[in-house]
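Here is the structure we will look at.
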Amino acid sequence: MAGYFDIPIILWLKHLAGDWWIFNYSIYCLSDNHLLKGGIFLAVFWGFWFRTSGDQNRTRAFLLSALAGGLLAIALNQAVMMITPLRPRPYAAHLPGIDFPFNLGIAARNSFPSDHAALFFALATGLWFISRRMGIAAYLYTAIAICIPRIYLGLHYPSDLLAGAVIGIASACLVSGTRLREVIASPLLAWEKKYPPAFYAAFFVFSYQLATLFDDLRALGNWAHTISRVL
């Protein structure tokens, strides 16, 4: 069921945007485009990784802990998703008086909480630890370009995104603490110095998967699950 403040926010967004097809289609393309979501975030991360000003080791340690925080956020988010009652996506819930522009075909998955909010707020928090200005920009970009389109299209209720944001920020803060940050970063930085080709090959693959919210790994997991059931 929708939270007590979910429906007014959805109605306000629908009223604000109207029913212009070009606008609706543009919002759909923005919401479905990995380049405009994870691609931008990971490009910023790589830029900070190779930045030569300041304490480079400290910056890289925070970047690695932020990525670990993103993984933790997704894991916690999935755990909450599995133990909470199924909450249909808003566009599939037949909310009275609300029509969404597209039938997106993913109604079977729990709407609560949001993977997108958990991951990108975790990454934004990691950037905030490195640069307050960049962190604020990342928070705003996550809220405006990633979260609001998901409300508008009926993929999530505002409360789904709020819960995901709390999970993401808490996860990033947890792993960015001094001790955990050192535990995570030290062996990876040592690997980068000793075997840079292997490190950067793995880092590239991991960055790509994170930017696409592990869509390829999820597809492989679904394939393996289907094959195992048939066999």
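Within the option set 192, 182, being loosely packed, with under 15 Cβ neighbours inside 10 Å and either in contact with a Phe, Trp or Tyr (Cβ under 8 Å, 6 or more places away or on another chain) or of a type in the set (Asp, Glu) (or both) holds for one residue only, 182. The helices (runs of 4 or more DSSP H) found wholly in the range 146-231 and carrying at least 1 residues that are over 19 Å from residue 82 (Cβ atoms) and among the charged types (D, E, K, R) occupy 148-152, 178-194, 215-230. Pairs please, first residue from the range 109-125 and basic (Lys, Arg), second anywhere and part of a helix (DSSP H, G or I), Cβ atoms under 9 Å, 6+ apart in sequence or on different chains. Final answer for the pair search is 109/81.
Exactly one residue out of 152, 200 is in contact with a helix residue (DSSP H, G or I) (Cβ under 8 Å, 6 or more places away or on another chain) and under 23 Å from residue 88 (Cα atoms), and it is 152.
Scanning the range 209-227 for residues that are free of Cβ contacts under 8 Å to residues at least 60 places away in the same chain and either within 17 Å of residue 64 (Cα to Cα) or touching a Leu at 6+ places or on another chain (Cβ under 9 Å) (or both) yields one hit, 209. For first residues located in the range 3-21 and under 13 Å from residue 156 (Cα atoms) and of a type in the set (Gly, Ala, Ser), partners that are surrounded by 12 or more Cβ atoms within 10 Å (Cβ to Cβ) and at pLDDT 75 or above and lie 6+ apart or on another chain with Cβ distances below 8 Å form the pairs 3/157; 3/158; 3/159. Looking across the range 154-178, just one residue is farther than 16 Å from residue 113 by Cα and in contact with a Phe, Trp or Tyr (Cβ under 7 Å, 6 or more places away or on another chain), and that is 176. For the range 158-176, does any single residue satisfy the condition of being free of Cβ contacts under 8 Å to residues at least 24 places away in the same chain, over 30 Å from residue 6 (Cα atoms) and either touching an Asp or Glu at 6+ places or on another chain (Cβ under 9 Å) or hydroxyl-bearing (Ser, Thr, Tyr) (or both)? No, the range 158-176 has no match at all.
The values are calculated or read from the model by the stated rules, or taken from the named source; none is laboratory data. Worth saying up front: this structure is predicted, and the values here are computed from it rather than measured. Positions of Cβ are generated from backbone atoms using ideal geometry, with glycine treated the same way; all protein chains shown enter the neighbour counts.
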